[in-house]
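Reviewing the structure listed below.
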Amino acid sequence: MKHNGKHEKQYDTLTSKGHVPIQSWTRGVPFDPKAQEQLKHIAAMDIVHHHIAVMPDVHLGKGATIGSVIPSVNAVIPAAVGVDIGCGMVAAKTSLKASDLPDNLKGVRSAFEAAVPHGRTIGRGRKDIGAWDKIPDRVASEWLTLQSRFERICDKHPAIRKTNNVHHLGTMGTGNHFLELCLDEYDSAWIMLHSGSRGVGNRIGTYFIELAKQEMTRHQIHLPDQDLAYLKEGSRYFDDYVEAVEWAQDYASKNREIMMMNAISALKQALGVHFSAAELAVNCHHNYVSREHHFGKDCYVTRKGAVRAQKGEMGIIPGSMGAKSFIVRGLGNADSFNSCSHGAGRVMSRTQAKKVYKIADQVAATQGVECRKDAGVIDEIPMAYKDIDCVMAAQKDLVEVVHTLKQIVCVKG
């Protein structure tokens, strides 16, 4: 869009004295005042470079705001990366068409549920349904590609060793993690899933967030929020944290690859037909940190609930379990640090959603989708999320839509 011969900015800017600007792609979508306050705390930190970019799915998070892109110089904020390190999406287009699928998709959902451990068993001494009991050969083989680096990290930080690492590789988890069968605008079938680095990533994130807080106390650095504690380059734990985060990101990517392979095998078995699924659209993180160069400086870019969208780069922006999702191509918008949203973004907390909505609401909102429709997933009801069409409209200068997907099967933990 041009205005007076120039391209009009598609974002709004929040400025405060002594803070870097906050540029938000939030036109037409809710932008919670509490999230704005949280972002102002981050913008006040002297390690933040140039400005903060805010995606349209923005909402309040623990430590740092979800839907934020934070460039920092010579330092990283572990809580801005979060505890679901490397969480992200993968999608594969199959050669199947809607006409190849049965009218009743319950068998497909059951096959997915059997192939991919999901959910979590609360309580000691009981087998966790969300972890492998006996490690499959495929998982054991893939773990070998990660194990030596993991051992090096644990030698330096033994507290990370006692975690669900290999037992969680190839498993989905809970919350907003999911596995779906979708149809695109041409009635082609896609498999899409969302998960991250599971228990071991959570331990790495939690452990280094605490170490960063200790560093702030040791150096008497006062912060607007204790969760914004950071590790400086050259400090005692910086290199160890970066090493552990990069490993967790690789674990998360591998986790999604294994689940995708198992889901494809399960679908073939359930349908009794052979199909190809060679077209892997993307395997992208949306909770991670990477070394990049922006606005004249090398920096660490932390995307918490945001996806990298360099020019031509493919990404995935999922809606809620009753809404559309999008396969997108990045437009390489420098002002967003080449980023886009990671989904629709919540407008309601999980606790609030459970208070407001009933099972009947969940049934109505997921009509036509073969999925759980019980009290255990009401916190994931579509109405707890922003309107995905409005979210996409707000970031039309960040990505272009390549495919529009609608789920017909959804598995949640």
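The values are calculated or read from the model by the stated rules, or taken from the named source; none is laboratory data. Predicted model, so just to flag it, every value in this text is computed and none were measured. Backbone-built Cβ (ideal geometry, glycine too); neighbour counts: all protein chains shown. Heavy atoms of the whole protein, side chains included, go into the accessibility calculation; ligands, DNA and RNA do not. Shrake-Rupley method; radii C 1.70, N 1.55, O 1.52, S 1.80 Å.
Here are a few things to note about the model shown:
- The base-10 log of I(q)/I(0) for region 69-124, evaluated at q = 0.17 Å⁻¹, reads -0.86 [Debye formula, identical scatterers on Cα atoms, solvent excluded].
- Radius of gyration and maximum dimension Dmax of region 200-283, Cα, Å: 20.2, 64
- Cα-based Kirkwood hydrodynamic radius, region 101-199, one decimal, Å: 15.7
- Theoretical ellipticity at 222 nm over the chain - DSSP helices of four or more residues, -39500 (n - 2.57) apiece, nearest 500: -9500 deg cm²/dmol
- The distance between label points at Lys106 and Gln214 comes to 5.4 nm (points 7 Å beyond Cα on the Cα→Cβ vector).
- Subtracting the Cα-Cα distance of Ala364 and Asp46 from 0.36 nm times their residue separation leaves 109.6 nm of extension gain.
- Accessible surface of the chain [probe 1.4 Å, protein heavy atoms]: carbon and sulfur percent: 50
- Burial ranking of peptide ranges 193-202, 251-260 (average Cβ count within 10 Å, highest at the top): 193-202, 251-260
- Sites Met261 and Glu185 - FRET efficiency at Förster radius 22 Å, r taken between beta-carbons, to 0.05: 0.25
- A protection proxy built from the mean count of other Cβ atoms within 10 Å ranks the segments 304-316, 26-38, most packed first, as 304-316, 26-38.
- Estimated inter-spin distance, Lys34 and Glu400, nm [label 7 Å along Cα→Cβ]: 3.9
- Value of D in µm² per second that Stokes-Einstein yields for region 221-327, Kirkwood Rh from Cα pairs, at 10 °C (1.306 mPa s): 91
- Sorting 153-160, 288-295, 263-270 by average packing, meaning the other beta carbons within 10 Å per residue, from highest down gives 263-270, 288-295, 153-160.
- In percent, rounded to a whole number, the relative contact order of the chain is 23, using alpha-carbon pairs under 8 Å and six or more apart.
- The tail of the calculated P(r) for the chain beyond 30 Å holds 41 percent of all Cα-Cα pairs.
- A 1.4 Å probe run over the protein chains yields, for the chain, 43 Å² of accessible area per residue, whole-number rounding.
- Once the C-beta distance of Thr206 and Asp389 is scaled by a Förster radius of 51 Å, the resulting FRET efficiency is 0.90 to the nearest 0.05.
- For region 297-345, the mean projected area of the C-alpha convex hull, equal to one quarter of the hull surface, is 3.7 nm².
- Measuring from each cysteine beta-carbon in the chain, the ones with no other cysteine beta-carbon under 4.7 angstrom are Cys87, Cys154, Cys182, Cys284, Cys299, Cys340, Cys390.
- Cα→Cβ-extended label distance, 7 Å offset, between Ala278 and Ile129, nm: 3.8
- Over region 254-354, relative contact order from alpha-carbon pairs under 8 Å, at least 6 apart, %: 20
- Percent of Cα pairs in region 152-262 per distance bin of 10 Å, from zero to the largest separation: 13, 35, 27, 16, 8, 2.
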